[in-house]
Amino acid sequence: MSDIEKKYKMLEFPDLGDERGNLVVVEGSIQIPFDIKRIFYIYGSDDTVIRGQHANLKSEFVLINVAGTSKVKVDDGDETRVIELNQPRMGVYLPRMLWKEMYDFSADSVLLVLSNEHYDAHEYIRDYNEYLKIIGEKK
Ligand code: TYD
C-alpha cells in the first residue's frame, strides 16, 4: 500500500433496507470516523466542472454520492489517486491536509459531504503552491 492510500479510507455502509426499499444510516463516531458538525451537498454540477481544489488545515470529510456518480482526485503532494464514488453505500474519508478535487459529476449526482468542523474560510488552502509549501515545511 502506498503512503497516500494510508491517508484516505474507503467506507462501506450497511444497508438496513427490506422489501420497502433501502436504508443507509451514518452516525458520527460510528460509521463516520468523527463527530459530525457540518453537512452540505453538491448537485447540479456536471462533467465540465471541477470543484474542491483545496486542502483544509482542520476539516476532515466523508464524501458520499447518495445519487449518481462523481470522481474525487486526492493528492498528498507526492502521489495522486482517483476514487470513483458510484454507490450510495460507499463513502470516502479524507483527513485534513489532503488536496482534493471533485469532478466528472453525472447529471443526477448528489454528493453529500460530512465534516468534523464548522465552515471557516480561513482554514481552506486554495492555492496549490501554498499547499505544497505548507506540507513541505512539515516533512
Ligand atoms: P467551495 O469551497 O468553492 O465549494 P467546493 O468545495 O464544493 O468547490 O464553496 C463555494 C462557496 O460556498 C464559497 O463561497 C464558500 C461557501 N461555503 C460555505 O459558506 N460553507 C461551506 O460549508 C462550504 C463548503 C462552502
Per the list (1) of a type outside the set (Asp, Glu); (2) assigned to a helix (DSSP H, G or I); (3) under 17 Å from Arg51 (Cα atoms); (4) free of Cβ contacts under 8 Å to residues at least 60 places away in the same chain, residue check on Val82 breaks on (2)
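Residues checked against (1) closer than 26 Å to Ser106 by Cβ; (2) part of a strand (DSSP E or B); (3) in contact with a His (Cβ under 9 Å, 6 or more places away or on another chain):
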| position | (1), (2), (3) |
| --- | --- |
| Ser2 | no, no, no |
| Glu5 | yes, no, no |
| Val26 | yes, no, no |
| Ile36 | yes, no, no |
| Ile39 | yes, yes, no |
| Ile42 | yes, yes, no |
| Thr48 | yes, no, no |
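Quick grid of which residues meet (1) more than 16 Å from the ligand (Cβ to nearest atom); (2) of a type outside the set (A, V, I, L, M, F, W, C); (3) more than 12 Å from the chain's Cα centre (by Cα):
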{"site": "Pro14", "(1), (2), (3)": "yes, yes, yes"}
{"site": "Gly17", "(1), (2), (3)": "yes, yes, yes"}
{"site": "Tyr41", "(1), (2), (3)": "no, yes, no"}
{"site": "Gly44", "(1), (2), (3)": "no, yes, yes"}
{"site": "Val49", "(1), (2), (3)": "no, no, yes"}
I'd like to know if region 59-69 contains one or more residues that are within 12 Å of the ligand (Cβ to nearest atom), within 13 Å of the chain's Cα centre (by Cα), polar (S, T, N, Q) and assigned to a strand (DSSP E or B).
no
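Condition check ((1) in a loop (DSSP other than H, G, I, E, B); (2) at positive phi; (3) out of contact with any Asp or Glu (no Cβ under 7 Å at 6 or more places or on another chain)) across all residues:
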| site | (1), (2), (3) |
| --- | --- |
| Gln53 | no, yes, no |
| Gly91 | no, no, yes |
| Asp108 | yes, no, yes |
| Ile135 | no, no, yes |
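Just the residues that are within 11 Å of the ligand (Cβ to nearest atom) and more than 17 Å from Lys9 (Cα to Cα), please, taken from region 94-110.
Tyr103, Phe105
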Within region 106-118, of all residues that are in contact with a strand residue (DSSP E or B) (Cβ under 6 Å, 6 or more places away or on another chain) and among the hydroxyl-bearing types (Ser, Thr, Tyr), the one farthest from Ile36 (Cα to Cα) is Ser109
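Taken together, the values in this text are just the output of simple stated rules run on the coordinates, not laboratory data. Since this is a predicted model, take the numbers as computed values, not measurements. Ideal geometry is used to build each Cβ from the backbone, glycine not excepted, and the neighbour counts take in all protein chains shown.
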